[in-house]
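Colleague: Sending over a structure as C-alpha coordinates; questions will come in a sec.
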Amino acid sequence: MGCTSSKQKDRITSDIDDSLAESDARGELNLKILLLGPGESGKSTFLKQIKLIYDIKLTDVELSTLASSLKRNTMQCMQILVDKAHQFDLSLGVDEEIGQAILDYELGDDSNFDGTIAEIVSILWKNPAIQETFKRRNEFWILEAAPYYFENVQRVASPDFQPTERDIVMTRVVTTGITSTQINIPEKQMAYTIVDVGGQRNERRKWIHCFDRVKAVLFVINLADYNNVLYEDTLVNRMTEAVQLFATTANNTLFENTPFFLVLNKRDLLEEVLPTRSIQTCEAFSDYTGDRNDVNGVIEFISAKLRGMVHNGDPGRVHVLPMSACQRSEIETAWELIKKTLEESYSEKLDASRKYLADRGLDVGPSQSST
(Lines give C-alpha, C1' and ligand atoms only; values in the text may rest on other atoms or scores of the structure.)
Protein backbone atom coordinates (compact mmCIF):
# COMPACT_ATOMS: atom_id res chain seq x y z
CA MET A 1 0.00 0.00 0.00
CA GLY A 2 2.78 2.39 0.97
CA CYS A 3 4.64 1.41 -2.21
CA THR A 4 1.58 2.17 -4.35
CA SER A 5 1.09 5.51 -2.65
CA SER A 6 4.74 6.35 -3.27
CA LYS A 7 4.42 5.49 -6.98
CA GLN A 8 1.30 7.66 -7.26
CA LYS A 9 3.16 10.57 -5.68
CA ASP A 10 6.09 10.05 -8.05
CA ARG A 11 3.71 10.00 -11.04
CA ILE A 12 1.96 13.15 -9.87
CA THR A 13 5.31 14.85 -9.33
CA SER A 14 6.44 13.75 -12.79
CA ASP A 15 3.24 15.05 -14.36
CA ILE A 16 3.67 18.39 -12.64
CA ASP A 17 7.31 18.59 -13.79
CA ASP A 18 6.26 17.79 -17.36
CA SER A 19 3.54 20.42 -17.26
CA LEU A 20 5.95 23.05 -15.94
CA ALA A 21 8.56 22.11 -18.56
CA GLU A 22 5.96 22.41 -21.32
CA SER A 23 4.84 25.77 -19.96
CA ASP A 24 8.45 26.99 -19.87
CA ALA A 25 9.04 25.83 -23.45
CA ARG A 26 5.94 27.62 -24.70
CA GLY A 27 6.93 30.70 -22.71
CA GLU A 28 10.32 30.75 -24.46
CA LEU A 29 8.48 30.79 -27.80
CA ASN A 30 6.66 33.97 -26.81
CA LEU A 31 9.16 36.82 -26.77
CA LYS A 32 8.06 39.59 -24.43
CA ILE A 33 8.90 43.12 -25.53
CA LEU A 34 8.51 45.98 -23.07
CA LEU A 35 7.39 49.22 -24.73
CA LEU A 36 8.51 52.19 -22.65
CA GLY A 37 8.95 55.93 -22.96
CA PRO A 38 7.70 59.19 -21.46
CA GLY A 39 4.21 60.47 -22.18
CA GLU A 40 3.57 61.62 -25.77
CA SER A 41 6.75 60.05 -27.10
CA GLY A 42 4.71 58.13 -29.65
CA LYS A 43 5.10 54.64 -28.20
CA SER A 44 1.39 53.89 -28.36
CA THR A 45 1.39 55.12 -31.98
CA PHE A 46 4.14 52.59 -32.67
CA LEU A 47 1.93 49.85 -31.21
CA LYS A 48 -1.10 51.04 -33.19
CA GLN A 49 0.92 50.72 -36.39
CA ILE A 50 2.01 47.18 -35.50
CA LYS A 51 -1.63 46.23 -34.94
CA LEU A 52 -2.56 47.69 -38.32
CA ILE A 53 0.28 45.79 -40.00
CA TYR A 54 -1.07 42.52 -38.60
CA ASP A 55 -4.66 43.54 -39.28
CA ILE A 56 -5.63 43.37 -35.61
CA LYS A 57 -9.05 45.01 -35.71
CA LEU A 58 -10.29 47.42 -33.10
CA THR A 59 -13.48 46.40 -31.33
CA ASP A 60 -16.60 48.55 -31.61
CA VAL A 61 -15.97 49.76 -28.07
CA GLU A 62 -12.37 50.70 -28.92
CA LEU A 63 -13.50 52.56 -32.06
CA SER A 64 -16.11 54.45 -30.06
CA THR A 65 -13.55 55.35 -27.42
CA LEU A 66 -11.13 56.49 -30.11
CA ALA A 67 -13.76 58.70 -31.77
CA SER A 68 -14.52 60.34 -28.42
CA SER A 69 -10.82 60.84 -27.75
CA LEU A 70 -10.35 62.47 -31.16
CA LYS A 71 -13.14 64.94 -30.40
CA ARG A 72 -11.71 65.60 -26.96
CA ASN A 73 -8.21 66.13 -28.41
CA THR A 74 -9.63 68.66 -30.85
CA MET A 75 -11.53 70.70 -28.28
CA GLN A 76 -8.83 70.52 -25.62
CA CYS A 77 -6.21 71.85 -28.05
CA MET A 78 -8.41 74.74 -29.20
CA GLN A 79 -9.31 75.61 -25.62
CA ILE A 80 -5.59 75.76 -24.78
CA LEU A 81 -4.88 78.03 -27.75
CA VAL A 82 -7.71 80.44 -26.93
CA ASP A 83 -6.67 80.55 -23.27
CA LYS A 84 -3.00 81.12 -24.10
CA ALA A 85 -3.86 83.81 -26.67
CA HIS A 86 -5.56 85.72 -23.86
CA GLN A 87 -2.54 85.18 -21.58
CA PHE A 88 -0.27 86.52 -24.32
CA ASP A 89 -2.55 89.59 -24.67
CA LEU A 90 -3.44 88.63 -28.23
CA SER A 91 -6.93 89.73 -29.27
CA LEU A 92 -9.17 87.40 -31.24
CA GLY A 93 -10.93 90.48 -32.62
CA VAL A 94 -14.36 89.68 -34.07
CA ASP A 95 -13.89 86.05 -32.96
CA GLU A 96 -13.83 86.81 -29.22
CA GLU A 97 -17.39 85.61 -28.74
CA ILE A 98 -16.88 82.25 -30.41
CA GLY A 99 -13.58 81.95 -28.57
CA GLN A 100 -15.53 82.17 -25.32
CA ALA A 101 -17.89 79.47 -26.63
CA ILE A 102 -14.88 77.19 -27.02
CA LEU A 103 -13.73 77.91 -23.47
CA ASP A 104 -17.23 77.15 -22.18
CA TYR A 105 -17.37 73.82 -24.03
CA GLU A 106 -17.49 70.85 -21.65
CA LEU A 107 -14.84 68.31 -22.57
CA GLY A 108 -16.18 64.79 -22.86
CA ASP A 109 -19.70 65.85 -23.86
CA ASP A 110 -19.78 64.49 -27.42
CA SER A 111 -23.43 65.49 -27.85
CA ASN A 112 -22.32 69.10 -28.39
CA PHE A 113 -19.60 68.22 -30.91
CA ASP A 114 -21.56 69.03 -34.06
CA GLY A 115 -21.30 71.00 -37.29
CA THR A 116 -21.64 74.31 -35.46
CA ILE A 117 -18.77 73.64 -33.10
CA ALA A 118 -16.69 72.32 -36.01
CA GLU A 119 -17.26 75.56 -37.93
CA ILE A 120 -16.18 77.58 -34.88
CA VAL A 121 -12.98 75.54 -34.56
CA SER A 122 -12.24 76.04 -38.27
CA ILE A 123 -12.75 79.81 -38.01
CA LEU A 124 -10.57 80.12 -34.92
CA TRP A 125 -7.77 78.05 -36.44
CA LYS A 126 -7.49 80.69 -39.17
CA ASN A 127 -7.50 83.56 -36.68
CA PRO A 128 -4.13 85.43 -36.67
CA ALA A 129 -3.99 85.48 -32.86
CA ILE A 130 -4.47 81.71 -32.67
CA GLN A 131 -1.84 81.17 -35.36
CA GLU A 132 0.60 83.42 -33.49
CA THR A 133 -0.13 81.57 -30.25
CA PHE A 134 0.51 78.21 -31.91
CA LYS A 135 3.91 79.45 -33.07
CA ARG A 136 4.78 79.91 -29.38
CA ARG A 137 3.73 76.35 -28.47
CA ASN A 138 7.15 75.60 -26.98
CA GLU A 139 6.07 77.84 -24.07
CA PHE A 140 3.12 75.66 -23.07
CA TRP A 141 1.76 72.14 -23.37
CA ILE A 142 -0.34 71.18 -26.39
CA LEU A 143 -0.72 68.02 -28.45
CA GLU A 144 1.58 68.04 -31.49
CA ALA A 145 -1.18 66.73 -33.75
CA ALA A 146 -3.36 69.79 -33.10
CA PRO A 147 -3.20 70.99 -36.74
CA TYR A 148 -4.42 67.57 -37.90
CA TYR A 149 -7.41 67.77 -35.54
CA PHE A 150 -8.39 71.26 -36.68
CA GLU A 151 -8.01 70.46 -40.37
CA ASN A 152 -10.25 67.38 -40.03
CA VAL A 153 -12.80 68.75 -37.57
CA GLN A 154 -15.64 69.01 -40.13
CA ARG A 155 -15.30 65.34 -41.06
CA VAL A 156 -15.05 64.23 -37.43
CA ALA A 157 -18.21 66.19 -36.56
CA SER A 158 -20.30 64.48 -39.25
CA PRO A 159 -23.06 62.19 -37.87
CA ASP A 160 -21.76 59.13 -39.73
CA PHE A 161 -18.10 59.61 -38.76
CA GLN A 162 -15.96 56.47 -38.65
CA PRO A 163 -12.26 56.76 -37.67
CA THR A 164 -9.82 56.07 -40.51
CA GLU A 165 -6.45 54.37 -40.09
CA ARG A 166 -4.86 57.81 -40.09
CA ASP A 167 -7.25 58.97 -37.34
CA ILE A 168 -6.31 55.89 -35.29
CA VAL A 169 -2.63 56.74 -35.56
CA MET A 170 -3.03 60.48 -34.88
CA THR A 171 -5.47 60.32 -31.96
CA ARG A 172 -3.99 60.74 -28.51
CA VAL A 173 -5.40 58.22 -26.04
CA VAL A 174 -3.58 58.38 -22.72
CA THR A 175 -2.16 54.96 -21.80
CA THR A 176 -3.10 54.07 -18.25
CA GLY A 177 -2.25 50.78 -16.63
CA ILE A 178 -0.71 47.95 -18.61
CA THR A 179 -1.87 46.65 -22.00
CA SER A 180 -0.61 43.47 -23.63
CA THR A 181 -0.77 42.67 -27.36
CA GLN A 182 0.23 39.26 -28.71
CA ILE A 183 1.51 39.05 -32.28
CA ASN A 184 1.46 35.43 -33.49
CA ILE A 185 3.99 34.29 -36.11
CA PRO A 186 2.56 30.87 -37.07
CA GLU A 187 5.15 30.11 -39.76
CA LYS A 188 7.86 30.27 -37.07
CA GLN A 189 5.76 28.65 -34.34
CA MET A 190 6.34 31.62 -32.05
CA ALA A 191 4.89 34.96 -30.97
CA TYR A 192 5.81 38.39 -29.71
CA THR A 193 3.99 40.00 -26.83
CA ILE A 194 4.28 43.78 -26.69
CA VAL A 195 3.57 45.21 -23.24
CA ASP A 196 2.69 48.91 -23.28
CA VAL A 197 2.85 50.77 -19.97
CA GLY A 198 1.67 54.33 -19.36
CA GLY A 199 4.44 56.90 -19.75
CA GLN A 200 3.09 59.74 -17.63
CA ARG A 201 4.91 60.26 -14.33
CA ASN A 202 2.16 58.75 -12.20
CA GLU A 203 2.14 55.59 -14.37
CA ARG A 204 5.86 54.81 -14.21
CA ARG A 205 5.71 53.13 -10.83
CA LYS A 206 3.94 50.28 -12.64
CA TRP A 207 6.90 49.62 -14.95
CA ILE A 208 8.73 47.42 -12.45
CA HIS A 209 5.81 44.95 -12.43
CA CYS A 210 6.44 44.17 -16.11
CA PHE A 211 10.19 43.46 -15.99
CA ASP A 212 9.92 39.69 -15.50
CA ARG A 213 10.97 37.54 -18.51
CA VAL A 214 11.50 40.57 -20.75
CA LYS A 215 13.38 39.66 -23.94
CA ALA A 216 13.73 43.18 -25.31
CA VAL A 217 13.00 46.81 -24.48
CA LEU A 218 11.68 49.34 -26.98
CA PHE A 219 12.26 52.80 -25.54
CA VAL A 220 10.66 55.62 -27.51
CA ILE A 221 11.85 59.24 -27.43
CA ASN A 222 10.25 62.12 -29.31
CA LEU A 223 13.06 63.92 -31.18
CA ALA A 224 11.11 67.18 -31.14
CA ASP A 225 10.64 67.10 -27.37
CA TYR A 226 13.60 69.41 -26.82
CA ASN A 227 11.10 72.10 -27.85
CA ASN A 228 8.31 70.98 -25.50
CA VAL A 229 7.39 70.99 -21.83
CA LEU A 230 5.82 68.27 -19.72
CA TYR A 231 2.06 67.95 -19.40
CA GLU A 232 2.55 67.27 -15.68
CA ASP A 233 4.99 70.15 -15.10
CA THR A 234 5.27 72.97 -17.66
CA LEU A 235 8.55 74.10 -16.08
CA VAL A 236 10.31 70.88 -17.10
CA ASN A 237 11.63 70.30 -20.61
CA ARG A 238 10.30 67.01 -22.02
CA MET A 239 13.60 65.99 -23.63
CA THR A 240 15.54 66.54 -20.42
CA GLU A 241 13.12 64.23 -18.63
CA ALA A 242 13.20 61.67 -21.47
CA VAL A 243 17.01 61.51 -21.48
CA GLN A 244 17.15 60.97 -17.73
CA LEU A 245 14.46 58.30 -17.92
CA PHE A 246 16.28 56.51 -20.74
CA ALA A 247 19.57 56.45 -18.83
CA THR A 248 17.91 55.07 -15.71
CA THR A 249 16.08 52.36 -17.65
CA ALA A 250 18.95 51.32 -19.93
CA ASN A 251 21.32 50.98 -16.96
CA ASN A 252 18.92 48.90 -14.89
CA THR A 253 20.81 45.73 -13.95
CA LEU A 254 17.80 43.64 -15.01
CA PHE A 255 18.40 44.71 -18.61
CA GLU A 256 22.21 44.53 -18.82
CA ASN A 257 22.03 41.55 -21.21
CA THR A 258 18.76 42.50 -22.90
CA PRO A 259 18.52 43.86 -26.46
CA PHE A 260 17.53 47.51 -26.21
CA PHE A 261 15.91 49.34 -29.13
CA LEU A 262 16.02 53.12 -28.84
CA VAL A 263 13.34 54.51 -31.13
CA LEU A 264 14.08 58.15 -31.97
CA ASN A 265 10.61 59.08 -33.09
CA LYS A 266 9.07 62.04 -34.94
CA ARG A 267 11.96 62.81 -37.23
CA ASP A 268 9.52 64.80 -39.37
CA LEU A 269 8.68 67.12 -36.47
CA LEU A 270 12.37 67.57 -35.67
CA GLU A 271 12.96 68.70 -39.24
CA GLU A 272 10.08 71.16 -38.90
CA VAL A 273 11.23 72.67 -35.59
CA LEU A 274 15.02 72.87 -36.11
CA PRO A 275 15.03 76.03 -38.29
CA THR A 276 13.27 77.99 -35.55
CA ARG A 277 14.89 76.52 -32.43
CA SER A 278 18.32 74.91 -32.02
CA ILE A 279 18.73 71.75 -29.95
CA GLN A 280 21.33 73.71 -27.97
CA THR A 281 18.43 75.36 -26.15
CA CYS A 282 17.88 71.99 -24.41
CA GLU A 283 20.21 71.52 -21.44
CA ALA A 284 20.87 67.89 -22.38
CA PHE A 285 22.22 68.92 -25.81
CA SER A 286 23.82 72.29 -25.03
CA ASP A 287 27.22 70.98 -26.19
CA TYR A 288 26.06 70.41 -29.78
CA THR A 289 28.39 72.29 -32.17
CA GLY A 290 27.17 71.16 -35.59
CA ASP A 291 24.91 72.82 -38.14
CA ARG A 292 21.63 73.57 -36.37
CA ASN A 293 19.61 72.71 -39.51
CA ASP A 294 21.39 69.44 -40.31
CA VAL A 295 18.72 66.88 -39.36
CA ASN A 296 20.99 63.87 -39.90
CA GLY A 297 23.81 65.50 -37.97
CA VAL A 298 21.48 66.31 -35.07
CA ILE A 299 20.13 62.75 -34.97
CA GLU A 300 23.66 61.30 -35.05
CA PHE A 301 24.63 63.60 -32.17
CA ILE A 302 21.58 62.60 -30.10
CA SER A 303 22.18 58.91 -30.87
CA ALA A 304 25.82 59.10 -29.75
CA LYS A 305 24.87 61.10 -26.66
CA LEU A 306 22.30 58.54 -25.53
CA ARG A 307 24.48 55.54 -26.35
CA GLY A 308 27.22 57.11 -24.25
CA MET A 309 24.91 57.05 -21.23
CA VAL A 310 24.68 53.24 -21.25
CA HIS A 311 27.25 51.79 -18.84
CA ASN A 312 25.76 48.41 -17.90
CA GLY A 313 26.29 45.48 -20.24
CA ASP A 314 27.51 45.55 -23.83
CA PRO A 315 26.78 48.96 -25.46
CA GLY A 316 26.30 47.04 -28.72
CA ARG A 317 22.99 45.74 -27.40
CA VAL A 318 21.54 49.23 -27.93
CA HIS A 319 20.09 49.61 -31.42
CA VAL A 320 19.07 53.13 -32.49
CA LEU A 321 16.09 53.46 -34.85
CA PRO A 322 15.33 57.01 -36.09
CA MET A 323 11.85 57.22 -37.64
CA SER A 324 8.45 58.79 -37.78
CA ALA A 325 5.97 56.37 -36.22
CA CYS A 326 3.17 57.92 -38.26
CA GLN A 327 4.75 56.46 -41.41
CA ARG A 328 3.72 52.82 -41.85
CA SER A 329 6.68 51.94 -44.10
CA GLU A 330 9.18 53.11 -41.47
CA ILE A 331 7.49 51.04 -38.77
CA GLU A 332 7.50 47.98 -41.03
CA THR A 333 11.23 48.35 -41.68
CA ALA A 334 12.02 48.83 -37.99
CA TRP A 335 9.81 45.92 -36.94
CA GLU A 336 11.55 43.55 -39.38
CA LEU A 337 14.91 44.58 -37.91
CA ILE A 338 13.63 44.07 -34.36
CA LYS A 339 12.30 40.59 -35.18
CA LYS A 340 15.50 39.57 -36.97
CA THR A 341 17.66 40.76 -34.07
CA LEU A 342 15.60 38.96 -31.45
CA GLU A 343 15.29 35.71 -33.39
CA GLU A 344 19.07 35.66 -33.81
CA SER A 345 19.69 36.58 -30.15
CA TYR A 346 17.40 33.86 -28.82
CA SER A 347 17.82 31.28 -31.61
CA GLU A 348 19.20 28.55 -29.33
CA LYS A 349 16.36 28.82 -26.82
CA LEU A 350 13.76 29.04 -29.58
CA ASP A 351 15.12 25.93 -31.32
CA ALA A 352 15.42 24.01 -28.05
CA SER A 353 11.83 24.82 -27.09
CA ARG A 354 10.48 23.78 -30.49
CA LYS A 355 12.42 20.52 -30.26
CA TYR A 356 11.26 19.82 -26.71
CA LEU A 357 7.61 20.13 -27.68
CA ALA A 358 7.98 18.23 -30.96
CA ASP A 359 9.88 15.33 -29.34
CA ARG A 360 6.97 14.82 -26.95
CA GLY A 361 4.35 14.87 -29.69
CA LEU A 362 2.95 18.18 -28.49
CA ASP A 363 1.72 21.01 -30.68
CA VAL A 364 4.62 23.39 -31.19
CA GLY A 365 3.65 26.95 -30.40
CA PRO A 366 3.85 29.80 -27.89
CA SER A 367 1.98 30.37 -24.67
CA GLN A 368 -0.74 32.98 -24.48
CA SER A 369 0.47 36.38 -23.40
CA SER A 370 0.32 37.68 -19.87
CA THR A 371 2.01 40.71 -18.37
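The values are calculated or read from the model by the stated rules, or taken from the named source; none is laboratory data. This one's a predicted model, so the numbers in the text were calculated from it and none came from an experiment. Methodologically, a virtual Cβ is constructed for each residue, glycine included, from the backbone with ideal geometry; neighbour enumeration extends over all protein chains shown.
Colleague: I need every pair where a residue in the range 80-93 that is modelled with pLDDT under 95 and part of a helix (DSSP H, G or I) has its Cβ under 9 Å from the Cβ of a residue that is surrounded by 15 or more Cβ atoms within 10 Å (Cβ to Cβ) and among the aliphatic types (A, V, I, L, M), sequence separation at least 6 or different chains.
Modeller: none
Colleague: Which residue out of G297, G313, G365 is over 22 Å from the mean Cα position of the chain (by Cα) and part of a helix (DSSP H, G or I)? Spell out the reasoning first.
Modeller: Working: G313 fails: part of a helix (DSSP H, G or I); G365 fails: part of a helix (DSSP H, G or I).
The unique qualifying residue is G297.
Colleague: Looking at this structure, is L321 modelled with pLDDT of 95 or more and either surrounded by 15 or more Cβ atoms within 10 Å (Cβ to Cβ) or at positive phi (or both)?
Modeller: Values: modelled with pLDDT of 95 or more: yes; either surrounded by 15 or more Cβ atoms within 10 Å (Cβ to Cβ) or at positive phi (or both): yes.
Considered against the rule, which asks whether it is modelled with pLDDT of 95 or more and either surrounded by 15 or more Cβ atoms within 10 Å (Cβ to Cβ) or at positive phi (or both), L321 comes out as yes.
Colleague: Check the range 331-344 and report whether any residue there is in contact (Cβ under 8 Å) with a residue 12 or more places away in the chain, out of contact with any Phe, Trp or Tyr (no Cβ under 7 Å at 6 or more places or on another chain) and part of a loop (DSSP other than H, G, I, E, B). Break it down into steps so the answer makes sense when it comes.
Modeller: Pass one, the range 331-344, residues in contact (Cβ under 8 Å) with a residue 12 or more places away in the chain: 331-332, 334-335, 337-339, 341-343.
Now drop any that are not out of contact with any Phe, Trp or Tyr (no Cβ under 7 Å at 6 or more places or on another chain), which leaves 332, 334-335, 337, 339, 341-343.
From what's left, part of a loop (DSSP other than H, G, I, E, B): none.
Within the range 331-344, none of the residues are in contact (Cβ under 8 Å) with a residue 12 or more places away in the chain, out of contact with any Phe, Trp or Tyr (no Cβ under 7 Å at 6 or more places or on another chain) and part of a loop (DSSP other than H, G, I, E, B).
Colleague: Does K126 satisfy being at negative phi, touching a residue at least 12 places away in the same chain (Cβ under 8 Å) and basic (K, R)? Walk me through how you get there before you give the answer.
Modeller: Working: at negative phi: yes; touching a residue at least 12 places away in the same chain (Cβ under 8 Å): no; basic (K, R): yes.
So K126 does not fit the description; no.
Conditions (1) touching a helix residue (DSSP H, G or I) at 6+ places or on another chain (Cβ under 8 Å); (2) of a type outside the set (D, E, K, R), marked per residue:
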{"position": "F261", "(1), (2)": "yes, yes"}
{"position": "R277", "(1), (2)": "yes, no"}
{"position": "G316", "(1), (2)": "no, yes"}
{"position": "C326", "(1), (2)": "yes, yes"}
{"position": "E336", "(1), (2)": "no, no"}
{"position": "Y346", "(1), (2)": "yes, yes"}
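Colleague: Answer yes if at least one residue in the range 252-260 is in the same structural domain as E40 (by TED's automatic domain parsing), among the aliphatic types (A, V, I, L, M) and modelled with pLDDT of 90 or more, and no otherwise. Please lay out each step first, then the result.
Modeller: Step one: list which residues in the range 252-260 are in the same structural domain as E40 (by TED's automatic domain parsing), which gives 252-260.
Filter again for among the aliphatic types (A, V, I, L, M), leaving 254.
Retained after the next criterion (residues that are modelled with pLDDT of 90 or more): none.
Checked against the condition, which is being in the same structural domain as E40 (by TED's automatic domain parsing), among the aliphatic types (A, V, I, L, M) and modelled with pLDDT of 90 or more, the range 252-260 yields no hits at all.
Colleague: Here's a follow-up. Considering L337, L262, which residue is closer than 27 Å to I50 by Cα, in contact with a His (Cβ under 8 Å, 6 or more places away or on another chain) and surrounded by fewer than 19 Cβ atoms within 10 Å (Cβ to Cβ)?
Modeller: Working: L262 fails: surrounded by fewer than 19 Cβ atoms within 10 Å (Cβ to Cβ).
Being closer than 27 Å to I50 by Cα, in contact with a His (Cβ under 8 Å, 6 or more places away or on another chain) and surrounded by fewer than 19 Cβ atoms within 10 Å (Cβ to Cβ) holds for just one of L337, L262, which is L337.
Colleague: Another question about this same structure. Looking only at the range 26-67, count how many residues are assigned to a loop (DSSP other than H, G, I, E, B), without any contact (Cβ under 8 Å) to a residue 40 or more places away in the chain and charged (D, E, K, R). Let's see the steps before the verdict.
Modeller: Here is the first cut: in the range 26-67, the residues assigned to a loop (DSSP other than H, G, I, E, B) are 29, 37-42, 54-59.
Next, from what is left, pick out any that are without any contact (Cβ under 8 Å) to a residue 40 or more places away in the chain: 55, 57, 59.
Remaining after also requiring charged (D, E, K, R): 55, 57.
Count: 2.
Colleague: Determine, yes or no, whether L70 is modelled with pLDDT under 95 and part of a helix (DSSP H, G or I). Before the answer, list the steps.
Modeller: Values: modelled with pLDDT under 95: no; part of a helix (DSSP H, G or I): yes.
Considered against the rule, which asks whether it is modelled with pLDDT under 95 and part of a helix (DSSP H, G or I), L70 comes out as no.
Colleague: In the list T164, T175, T171, which residue meets the criterion of being at pLDDT 90 or above and touching a helix residue (DSSP H, G or I) at 6+ places or on another chain (Cβ under 6 Å)? Reasoning before the result, please.
Modeller: Values: T164 fails: touching a helix residue (DSSP H, G or I) at 6+ places or on another chain (Cβ under 6 Å); T175 fails: at pLDDT 90 or above.
After applying the criteria, what remains is T171.
Colleague: Of all residues in the range 349-369, which are crowded, with 18+ Cβ neighbours inside 10 Å and charged (D, E, K, R)?
Modeller: R354 - this is the single residue of the range 349-369 that is crowded, with 18+ Cβ neighbours inside 10 Å and charged (D, E, K, R).
Colleague: Can you tell me which of A247, A191 is surrounded by fewer than 22 Cβ atoms within 10 Å (Cβ to Cβ), assigned to a helix (DSSP H, G or I), modelled with pLDDT of 90 or more and of a type in the set (A, V, I, L, M)?
Modeller: The unique qualifying residue is A247.
Colleague: Listed residues K43, K51, K57; which is buried (at least 23 other Cβ atoms within 10 Å of the Cβ) and among the basic types (K, R)?
Modeller: Numbers: K51 fails: buried (at least 23 other Cβ atoms within 10 Å of the Cβ); K57 fails: buried (at least 23 other Cβ atoms within 10 Å of the Cβ).
From the options K43, K51, K57, the qualifying one is K43.
Colleague: Would the range 119-136 turn up any residue that is out of contact with any Ser or Thr (no Cβ under 6 Å at 6 or more places or on another chain) and modelled with pLDDT under 95?
Modeller: yes
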